[in-house]
Amino acid sequence: MTSRSHARVRDTDRGLRAYTREMASLASARVVAGVTESSGGEVHRSGATSMEVAAVHEFGTRTHPPVAFIRGTDEDARAQEAARASAHALATTPAQLRAELERVGSVAADGIRSRIEAAGLVETGALLRAVTSEVRT
């Protein structure tokens with residue numbers, strides 16, 4: 001014999017829903033590294049912005065051969081994807097996941113800066129300063 005209760009239960013805890021929503025948002029987040037819209041506005045001594053200087057070096061012109069420093073190799077892309085998957089596996093809170101994704105972006109930006117220096121593209125340092133990373137949700 002079962003007894004029935006006429007008590008009403010009302011769920012007022014929004015924590016789980018907020019947690020689930022934020023984790024889902026970060027699960028589809030992209031990590032972007034390079035010269036972005038927000039970081040490429042510094043004016044180079046030639047009068048061009050850092051974004052324009054990066055585009056000339058990356059893709060070249062009729063008179064300037066391309067020196068690709070942003071377009072990475074397949075190994076770079078695989079390493080970044082593995083790091084991103086690892087961040088998702090290790091994080092238990094949205095703040096931890098965001099921090100891990102930001103770390104992945106920082107490592108990618110450091111790699112781009114290293115390729116800029118190795119290619120000898122450092123004159124004033126404006127291009128190095130323009131290389132940043134961000135997590136886009």
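A short reminder: the numbers here are calculations on the coordinates, not readings from a lab. Keep in mind the model is a prediction, meaning the values are calculated, not measured. Backbone-built Cβ (ideal geometry, glycine too); neighbour counts: all protein chains shown.
Below, the figures for the structure above:
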item	result
Alpha-carbon centroid distance for the pair the stretch 1-72 / the stretch 99-137, whole angstrom	15
HN-Hα J in Hz across the stretch 23-32 - Karplus 6.51, -1.76, 1.60, θ = phi - 60°, x for Gly and Pro	5, 5, 5, 6, 5, 9, 5, 10, 9, 10
Separation in nanometres of the label points that stand 7 Å from Cα toward Cβ, at D110 and R4	6.5
Kirkwood-based shape ratio for the stretch 24-136, expressed as Rg/Rh from alpha carbons	1.03
Under-5 Å amide H pairs with G60, H placed in peptide plane, nonlocal only	V67
Derived scalar couplings ³J(HN,Hα) [the stretch 119-132; Karplus, 6.51 cos²θ - 1.76 cosθ + 1.60; whole Hz; x for Gly, Pro]	7, x, 8, 9, 10, 10, x, 5, 5, 4, 5, 6, 7, 9
Efficiency of FRET from Cβ geometry, D11 and A95, R₀ 30 Å, rounded to 0.05	0.80
Cα long-axis angle, helix 94-118 against the chain (0 to 90 degrees, to the nearest 10)	10
Protection proxy ranking of 85-93, 61-69, 32-40 - average other beta-carbon atoms within 10 Å, highest first	32-40, 85-93, 61-69
